[in-house]
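Beneath this line is the structure, given in C-alpha cells, with notes to follow.
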Amino acid sequence: MADAAKLTIGDTTTELPLVAGSEDEVGLDIAKLRAETGAVTLDEGFVNTGSTRSAITFLDGEKGILRYRGYAIEQLAANCDFVEIAYLLLHGELPSAGQLDDFRTDLRQHTMLHEDMRKFYDGFQHNAHPMAILSSVIHALSTFYADSLDVNNPSDVHRCTMRLLAKVPTIAAYAHKKSIGQPLVYPKNNLNYCENFLQMMFSVPAEQYEVDPVHAEALNLLLIVHADHEQNCSTSTVRMVGSADADLFASIAAGVAALSGPLHGGANEACVAMLERIREDGGDVDKYVAMAKDKTKSFRLMGFGHRVYKSFDPRAKIIKAACDKLLKQQKINDPIFGIAQKLEEVALTDEYFVERQLYPNVDFYSGVIYRALGIPVEMFTVLFAMGRLPGWIAHWQEMRQSPGKRIYRPRQIYIGPTEREFVPMDKR
Ligand code: ACO
C-alpha cells in the first residue's frame, strides 16, 4: 500500500498520509489539509470520517463482524457475564479469576445511592421518561462526589468508573419504581449484577421475591451485546464532552441524552410501539412494508437498517435466537414476536430493502425479550444505556489517554449571509 495520497486543489498539491488499522482499514490523515490548502473536508453525518484511532471494538459492517478487544461477540456472549465484559472493555484483557473477583467486590461497595439522592426522585413528575431521570441523576452524582472528579487523577477516574457501573442499575430501577408509585428498593449485594437489577425493579417490601435465573440470563446477554459499538452517536458524544475535560459523570450523562433519540437507542421502544400498532391494525405486515417504502410518508420500519451494518447485524442474530429460546422456555405466546418474524421475512425479500441493504438491527428483537422479562417499554432504552455504560467509559478513558488528545472541535462550511449592514429597529 502507498503511504500517502495526493490531493490537488487548483495549483496546490498536498500529500495526505495513509493510516492503516490493524484490520487493514485505511484512513487519510488530513490533519494538515487546512493549513496547506485552506480547505476542510465536509462529511455530513460523519459517514466517511474516522474521528479517532481506537483499540476497543472492531466491526465490519459488510461482513457482519463485531469484536470487543479482538474477541468475537458470539464467543463473548456464549461464555461471559456482563461484569467480565465490562472488565475486558475497560482493561483491554479478559480478567483472571482473581482479577474478576476483585472487580466484583469493588463494584459491590458502590451499589447504594447517597440517601439524599432519593429526594431527587420526589421532584420528578410521575410520568417523567426514565432516560431523562437517568441522565439527570448520573450528572447529579458529581454533586455528591465533588472531591474525586479530577479527570487527570487515575484514582479519581477509577472511583468514578466503579461508582457509575455500580450505581446506574440502582438509579435506573429507582426511576421505574418512581413511575409506578412503589417504594424504591435497595440493592442486595449477595446477588449478581443482573439479578440485583431485577430484584430492584420487581421486588416489593411486602412480598418475598425470587429472581428467575432465566430472566437474569437473558438480561445478561442483552447487556453484553449492547456493551460497545465503537464510534456511534452516543459514544462520540461521550468522547466529545470528555475532550473538553468535563468529568466522567457529565460525559456519561451526555451520552445517555444522545442515546435517548429514536434513531439511536430509542429505536427499541419505537420498534415495539410499531409492532403493537401493526398488531392492533390486524397484523397486515405488507401494508406497513409498503408504507415504509413510500417516500411521501415519513414512516420507517423501526429496528431496520444501520449506518454501518450492510449485510447483517451480528447482535440481532444472537438476540433473535435468545428471544426464541426465552419465549419457548417460558411458554410465552407474544403475538408481536410472530409479527416481527413475518416482517423480517417480508422485508428481507423485498427489493427496496435488499437494494438499500436494510436488515434487522439489534433493536428489532430486543424489545420482545424485554417484554418477556416484564420490563416496561419506557425502560428499554435505559437498559440499553446500562449495557453501553462500560463501552462509553472505556472510550472516555481511551480518549483521555490518547497522546494526541485535543478538544473535539469540527469545522464547518458557512452558507449564511455574507456581511451586511445592521438594520435599526425602526427600519425593519
Ligand atoms: N425503513 C425504511 N427505509 C429506510 C429505513 C427503514 N428503517 N432505513 C433506511 N431507509 C432508507 C432511507 O429512506 C434511504 O432511502 P433512499 O436512499 O431511497 O433515500 C436509505 O434507506 C438510506 O437510509 P439513511 O437514512 O440514509 O441511512 P442512515 O445510515 O443515515 O440511517 C438509520 C441509519 C438511522 C439506522 C436508519 O436505517 C433508520 O432510521 N432506521 C430505523 C431506526 C432504527 O432502527 N434505529 C436503530 C439503529 S441501531 C442503534 O442505534 C442501536
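The values are calculated or read from the model by the stated rules, or taken from the named source; none is laboratory data. This is a predicted model, so every value here is computed, not measured. For accessibility, only protein heavy atoms count, side chains too; no ligands or nucleic acids. Shrake-Rupley method; radii C 1.70, N 1.55, O 1.52, S 1.80 Å.
Points worth noting:
- A straight chain from Val204 to Glu62 at 0.36 nm per residue would run longer than the Cα-Cα distance by 46.4 nm.
- Note on region 272-329: Cα Rg divided by 2.2 N^0.38 Å, N the number of residues, gives 1.35.
- Within straight-line reach of Lys320, meaning a Cα separation under 16 Å, sit the following aspartates and glutamates at least 8 residues removed in sequence or on another chain: Glu74, Glu217, Asp334, Glu344, Glu345, Asp363.
- Contact order relative to length of region 40-167, as percent, for alpha carbon pairs under 8 angstrom and 6 or more apart: 17 percent
- For the chain, with all protein chains in place and a probe radius of 1.4 Å, 51% of the accessible heavy-atom surface sits on carbon or sulfur.
- Solvent-accessible area per residue, Å², over region 48-103 with all protein chains present [probe radius 1.4 Å]: 50 Å²
- Euclidean distance between Cα centres, region 166-181 to region 206-259, Å: 14 Å
- Flagged links, alpha-carbon separation over 23 Å, of Lys6/Lys32; Lys63/Lys317; Lys293/Lys331: Lys293/Lys331
- Cα gyration tensor shape of region 1-146, rounded if a/c is under 1.5, else prolate or oblate by comparing a/b with b/c: oblate
- Between the amide H of Leu16 and those of Ala5, Lys6, Leu7, distances stay under 5 Å, these residues lying 5 or more places away or on another chain, with hydrogens modeled in the peptide plane.
- Ignoring lysines fewer than eight residues from Lys295 along the same chain, the ones with Cα atoms less than 26 angstrom from its Cα are Lys287, Lys310, Lys342.
- When only Cα pairs below 8 angstrom with a gap of at least 6 residues are kept, the chain shows a relative contact order of 19 percent.
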